[in-house]
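See below for the structure under consideration.
The values are calculated or read from the model by the stated rules, or taken from the named source; none is laboratory data. Nothing here was measured: the structure is a model prediction, and the numbers come from that model. In this analysis, Cβ positions are derived from the backbone assuming ideal geometry, glycine residues included, and neighbour counts consider all displayed protein chains.
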Amino acid sequence: MKGKIILEEAFNLPRLAAEEAKLYASVQGAAALGQALADIEGRIAAMDEAGVEMQVLSLTSPGCQGCADPEEAHKLAVESNNYIAEKVRANPSRFAAFAAVSMHDAKQAAEELTRAVIQLGCVGVMLNDFQSSGPNGDAMLFYDHASYDVFWAAVEKLDVPVYVHPRMPSKTIFEQLYRDRRCLVASAWGFANQLSIHILGIATSGVFDRFPKVQLVFGHMGEHIPFDLWRLDHKLDRDRFPQMRMAKNKTIRDYFATNMHITTSGHFSTRSLQSAIAEISSSRIMFSIDYPYEDGLMEGSSWFDTAPLSQPDLLSIGRENALRLFKLDRAPHNMKPGLTLQELEIGGLKGPIYPDEATHLRTATRG
């Protein structure tokens with residue numbers, strides 16, 4: 001399928017890329033990862049080969065959320081947003097961007113997000129799970145606390161989605177859970193384990209009830225949540241948890257119909273995708289890859305392009321849902337909704353049906 005849009009695709013500032021890549025890769029792999037994170041223009045050839053029309057770029061995890069110093073975190077957000085806005089302006093038909101914000105102060109986060117959206121053209125915001133805080137960086141700030149309502153109010157007013165992404169755990173969590181289980185600390189299990197609690201905290205704290213237009217996106221086929229919906233809703237018993245701030249007549253499944261979306265980033269399983277479609281519908285799922293943490297664009301693209309899905313589901317997940325949610329049909333991106341199966345080369349269709357389709361259409365129109 002041509003024309004795909006991918007949403008969880010990381011970059012890093014050139015001054016940080018090489019060193020920070022060492023947190024996520026072996027000594028041998030860190031150099032290549034750092035180079036891939038810093039190289040934005042060089043992605044276009046691989047995008048063309050994989051049938052990807054647009055990447056929505058985001059500052060790599062943990063980004064601003066890893067800065068325990070509030071001033072440092074905010075400076076990084078401003079620098080990152082200014083940098084990526086220039087890259088997008090240079091090629092708006094292939095790239096868009098999520099804003100980065102420091103979440104030490106909700107009002108400051110709201111103000112920087114507003115600047116990034118209104119002045120710089122960002123199409124949403126990426127939050128890398130909790131905000132590190134405190135003198136030793138071990139405190140964790142979560143956005144389901146009522147003090148963040150000013151941030152959620154700005155998100156709703158701006159009408160842009162919030163993508164929440166995992167990060168490495170705090171020092172205390174690492175010591176308690178992962179010191180003797182290091183293989184589970186990151187993408188194998190820990191990322192989804194930690195982030196799913198934050199996502200569910202946002203839902204059960206009533207954020208979607210107070211700000212019903214807020215749209216939350218999360219990757220890796222939903223961080224385990226779609227596959228546990230029945231049990232979640234069965235066990236969130238209002239008699240057991242009378243202080244839960246979530247609306248009394250709502251379930252987590254309800255919020256998937258109104259406020260939550262998932263992507264396929266880094267999770268290329270056909271059975272999992274089919275299960276997610278059955279649980280939350282194809283209208284709440286978007287294709288993504290998780291580049292460059294997944295090695296290249298072809299593995300994920302080849303999997304998706306050949307997945308046994310209906311043509312409407314391929315269209316929705318591969319392109320139309322993201323185009324609509326992130327308003328990519330507007331300036332400066334001007335992507336076209338509703339392209340034909342021939343234009344997107346879906347179902348084995350490629351090029352015009354007739355040798356000169358334009359001539360045929362003109363003739364047919366004249367009657």
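Side notes on the structure shown:
- The residue list ILE197, ILE202 contains one member that is farther than 17 Å from ALA276 by Cβ, surrounded by fewer than 17 Cβ atoms within 10 Å (Cβ to Cβ) and β-branched (Val, Ile, Thr), which is ILE197.
- Residues that are surrounded by fewer than 20 Cβ atoms within 10 Å (Cβ to Cβ) and either within 21 Å of ILE199 (Cβ to Cβ) or of a type in the set (Ser, Thr, Tyr) (or both) within region 131-147 comprise ALA139, MET140, LEU141, PHE142, ASP144, HIS145, ALA146, SER147, listed in sequence order.
- Residues within region 176-190 that are in contact with a Gly (Cβ under 9 Å, 6 or more places away or on another chain) and among the aromatic types (Phe, Trp, Tyr), tallied: 1
- Here region 203-227 is the region considered, the condition is being more than 24 Å from ILE6 (Cβ to Cβ) and of a type in the set (Val, Ile, Thr), and the residue that is nearest to the chain's Cα centre (by Cα) is VAL207.
- Any helices (runs of 4 or more DSSP H) falling wholly within region 56-172 and containing at least 2 residues that are closer than 30 Å to ALA46 by Cα and among the small types (Gly, Ala, Ser): 70-90
- Flag if ALA109 is crowded, with 16+ Cβ neighbours inside 10 Å and either touching a helix residue (DSSP H, G or I) at 6+ places or on another chain (Cβ under 7 Å) or among the aromatic types (Phe, Trp, Tyr) (or both): yes
- Matching option when the condition is surrounded by fewer than 17 Cβ atoms within 10 Å (Cβ to Cβ), touching a Pro at 6+ places or on another chain (Cβ under 9 Å) and without any contact (Cβ under 8 Å) to a residue 40 or more places away in the chain, among ALA32, ALA45: ALA32
- Positions within region 150-160 being more than 15 Å from SER102 (Cβ to Cβ) and touching a helix residue (DSSP H, G or I) at 6+ places or on another chain (Cβ under 6 Å), in sequence order: TRP152, LEU158, VAL160
- Qualifying residue in region 274-292 (condition: closer than 19 Å to ALA46 by Cβ, of a type in the set (Asp, Glu) and touching a residue at least 12 places away in the same chain (Cβ under 8 Å)): yes
- Qualifying residue in region 332-346 (condition: among the charged types (D, E, K, R), assigned to a loop (DSSP other than H, G, I, E, B) and either at pLDDT below 95 or over 16 Å from the mean Cα position of the chain (by Cα) (or both)): yes
- Counting the residues of region 248-294 that are buried (at least 16 other Cβ atoms within 10 Å of the Cβ), of a type outside the set (D, E, K, R) and closer than 17 Å to VAL207 by Cβ gives 7.
- Matching entry among PHE130, PHE142 (being in contact with a strand residue (DSSP E or B) (Cβ under 7 Å, 6 or more places away or on another chain) and among the hydrophobic types (A, V, I, L, M, F, W, C)): PHE130
- Scanning region 271-294 for residues that are under 19 Å from GLU320 (Cα atoms), over 14 Å from the mean Cα position of the chain (by Cα) and not small (Gly, Ala, Ser) turns up LEU273, GLN274, ILE277, ILE280.
- Any chance ASP239 is out of contact with any Asp or Glu (no Cβ under 8 Å at 6 or more places or on another chain) and either part of a loop (DSSP other than H, G, I, E, B) or hydroxyl-bearing (Ser, Thr, Tyr) (or both): yes
- Residue within region 247-261 that is within 14 Å of the chain's Cα centre (by Cα) and not in a loop (DSSP other than H, G, I, E, B) present: yes
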